[in-house]
Amino acid sequence: MASAWAQEQPENIPQENSDAIARAMAGGLLERQTGAAVPADKFWAYEADFNLDGLSEIYAYVADPNCDGVKCGLFLFVLEGDSYREVFGDIPGARLTPPDKVSLGAFKRNGFFDLQLDKKLFGWTGDHYADVSTLPATSLDGTAFIAACQKSKSSEQPEEGEAERVAGECQCQLNRFQTIGFAQADLDQYAASLGENFEYPDGGKDKAWQAVATNGSDVATGCDVASGKSQWPPPYFNHGDQPQQRLDFDGFIAACPAQDFILTNHKVGSPDRALSLCSCIAREMPTQGISQEGLDLVAQYYRNEISDADVEAQDADALAFHDKASEACLSQFPGK
């Protein structure tokens, strides 16, 4: 069946490369989580970005017909601070969810997408996923917000049906604010920001205000996504525009995080953050046009087996492609 499915699908080398990077990362993370190496033919993995911060979460599945729900089944590794942490273990029974019954919701909560596991919906509390029915909600007076929202969305020359559409969009947002437990003061502040002449706290740099604004923006986008009006913006975009070759990343992913100039960078500072940055560099280099030979040379360079002059003598472009990829990834790599 898998072979037949593969034959019917159009070739997607960028996706295949992303999956290969995820597998190279997941092997070590799964071994650390379960206490034993997982055979390569027993797991698959994908890169996924559950909070759209540009850093990949690693979503993996370890197959076992007699799965105990501890060392097999579904795993989700999230980079928090210095380390990757597995978060499905916080949800009773989550590992045993059939993979085809897992999906992301249209909305975000505390920065992460809601997560549908079979028939239950889970939301991010700030450090773990929990059943949304157990999370606090609020009852808000939305009069000021609805008025401000409708005014901000209404055009000077409204088309037929626009008033009803705008009213529905604003009501969706108010409902979602209540669902995620928004405070009345925060809703009122956000409503004020939709009007003219709003003075942003500390010029917009106030962290409390930034949290309100981010939640407000996420709620608005979620309502547009839920209605089919738009989609969430991609968390990551390729900086190169060259056709990609199908590559094996195992050697590079193994060598890159241990390299001093990666690990000691002021934005990195830990092995897991180095692994995350290396996954970005690995994803980026194919868009610059690097070949398998060039990637293997860069991996040798990272292992201190050859010099930069040796790399350039064998592939004049490999280090240039690597440097462009590194610069692009470091420019968007978030602080701790």
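State whether the stretch 211-288 is rounded, prolate or oblate according to the following rule on the C-alpha gyration tensor (a ≥ b ≥ c being the square roots of its eigenvalues): a/c under 1.5 gives rounded; otherwise a/b larger than b/c gives prolate, and the remaining case gives oblate. Because a/c hits 1.5 or more and a/b fails to exceed b/c, the stretch 211-288 counts as oblate. Give the separation of the Cα centroids, the stretch 274-307 to the stretch 179-253, in Å. About 31 Å separates the Cα centre of the stretch 274-307 from the one of the stretch 179-253. Taking a ≥ b ≥ c as the square roots of the eigenvalues of the Cα gyration tensor, the stretch 1-114 is classed as rounded, since a/c falls below 1.5.
Please calculate how many Å² of accessible area the stretch 168-265 carries per residue, with a 1.4 Å probe and no DNA, RNA or ligand atoms counted.
Numbers: 5400 Å² over 98 residues.
The answer is 55 Å² per residue.
A simple charge model with +1 on the Cβ of Lys and Arg, -1 on the Cβ of Asp and Glu and nothing else charged puts the dipole of the chain at about 1000 debye relative to its Cα centre. Its relative contact order, with pairs defined as Cα atoms under 8 Å and 6+ residues apart, puts the chain at 16 percent. A Gaussian network model of the chain, with springs between Cα atoms under 10 Å, assigns the largest mean-square fluctuation among Glu160, Glu305, Glu284 to Glu160.
Calculated from the structure at hand, semi-axes √(5λ) of the Cα gyration tensor in Å is found among [x] 42, 23, 15; [y] 38, 26, 16; [z] 40, 25, 20 as [z].
For the stretch 311-336 and the stretch 13-84, what is the separation of their Cα centres, given in Å? Comparing the Cα centres of the stretch 311-336 and the stretch 13-84, I get a distance of 25 Å.
Short-range pairs are left out: with C-alpha atoms under 8 Å and at least six residues apart, the relative contact order of the stretch 16-153 is 13 percent. By the gyration tensor of its Cα atoms, with a ≥ b ≥ c the square roots of the eigenvalues, what is the shape of the stretch 50-125: rounded for a/c under 1.5, prolate for a/b over b/c, or oblate? Oblate, since a/c reaches 1.5 and b/c is not below a/b. Take every pair of alpha-carbon atoms less than 8 Å apart whose residues are at least six positions apart; their mean separation over the length of the stretch 162-248 yields a relative contact order of 26 percent. Within the accessible area of the chain, the carbon and sulfur atoms contribute 50%, probe 1.4 Å, all protein chains present.
The values are calculated or read from the model by the stated rules, or taken from the named source; none is laboratory data. Model, not experiment: these values are computed from the prediction. Positions of Cβ are backbone-derived with ideal geometry, glycine not excepted, and every protein chain shown enters the neighbour counts. These accessible areas exclude ligands, DNA and RNA; they are computed on the full protein's heavy atoms, side chains included. Shrake-Rupley method; radii C 1.70, N 1.55, O 1.52, S 1.80 Å.
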